[in-house]
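Single-structure report; data block below.
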Amino acid sequence: MKRIITATVQDRAGVLNRVTGLLQRRQFNIESISVGPTETEGVSRMTLVVEIEDEQRLEQVTKQLNKQIDVLKVSDITDKAVVVRELALIKVASSSQLRSEINGIIDPFRAIVIDVSKESLAIQITGKPEKIDALLELLRPYGIKEIARTGLTALLRGHQPQVNELAQHTLLK
């Protein structure tokens, strides 16, 4: 099962290597990883999508990540209320005759053209991976020359009532 794991880490050389090395030694496949600075100076946030077979292995990997020197906090946010996004840049073969047709395809996805050349268009799209995959399928017949995807990045949503909290607020008939 795919799990979304976030790790807040010290922004120091070698941290990414130690985290990915630990996962590699335990034979976990990292499907995607994104790293960037947080609101706190010197602290970065990693978002990893990892294939993990069972709960026991998940617990093992989170405990081992927490033991790493520069790791401040590790969370599995897969089953929580999260906002998940990915960025993709797509270069599509295009002639001047096809540009309006391609624009008609990308508009409903809220994608934008970020570069135009004689033979191609560069398109930017952000959203859930399924949205990006759907656009890619529609663009394939035009000839995709290149794709660059960032991988997932995710944040927990604001407070969301849990199922047991909802039961306390039932409507009267």
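With viscosity 0.692 mPa s and temperature 37 °C, the Kirkwood radius over alpha carbon pairs of the stretch 1-82 converts through Stokes-Einstein to a diffusion coefficient of 257 µm²/s.
Measuring max minus min along each principal axis, the C-alpha atoms of the stretch 54-136 give extents of 57, 25, 19 Å (largest first). Note on GLU31 and GLN97: with the Förster distance fixed at 45 Å, the Cβ-Cβ geometry gives a FRET efficiency of about 0.75.
Rounded to the nearest 0.05, what FRET efficiency do ARG57 and THR126 give with R0 = 25 Å and r taken as the Cβ-Cβ distance? Could you check? Calculated value: 0.20. Calculated on the alpha-carbon coordinates, the convex hull of the stretch 14-171 measures out at 188 cubic angstrom per residue.
Extension gain for the segment ALA81 to ASP133, taken as residue separation times 0.36 nm less the Cα-Cα distance, is 16.5 nm to one decimal. Under the combined filter of DSSP loop state and at most 13 neighbouring Cβ atoms within 10 Å, the stretch 88-156 retains these trypsin sites (Lys or Arg not before Pro): ARG110, LYS118. Per residue, the accessible area of the chain comes to 64 Å², computed with a 1.4 Å probe over protein heavy atoms only.
Among the protein heavy atoms, those of THR47 account for about 0 Å² of accessible surface (1.4 Å probe, every chain in place). Note down the net charge around ILE147, summing +1 for each Lys or Arg and -1 for each Asp or Glu among other residues with Cβ under 13 Å from its Cβ. Computed value for this residue: 0.
Once the GluC sites (Glu not before Pro) in DSSP loops with at most 16 neighbouring Cβ atoms within 10 Å are cut out of the chain, the longest remaining piece is 54-118. Solvent-accessible area assigned to carbon and sulfur over the chain amounts to 51 percent, based on a 1.4 Å probe.
The values are calculated or read from the model by the stated rules, or taken from the named source; none is laboratory data. What you see is a predicted model; the values in this text were computed from it and never measured. Heads up, the Cβs are rebuilt from the backbone with ideal geometry, glycines too, and the neighbour counts pull from every protein chain shown. Each accessible area value is taken on the protein alone, full model and side chains, heavy atoms only, with ligands, DNA and RNA left out. Shrake-Rupley method; radii C 1.70, N 1.55, O 1.52, S 1.80 Å.
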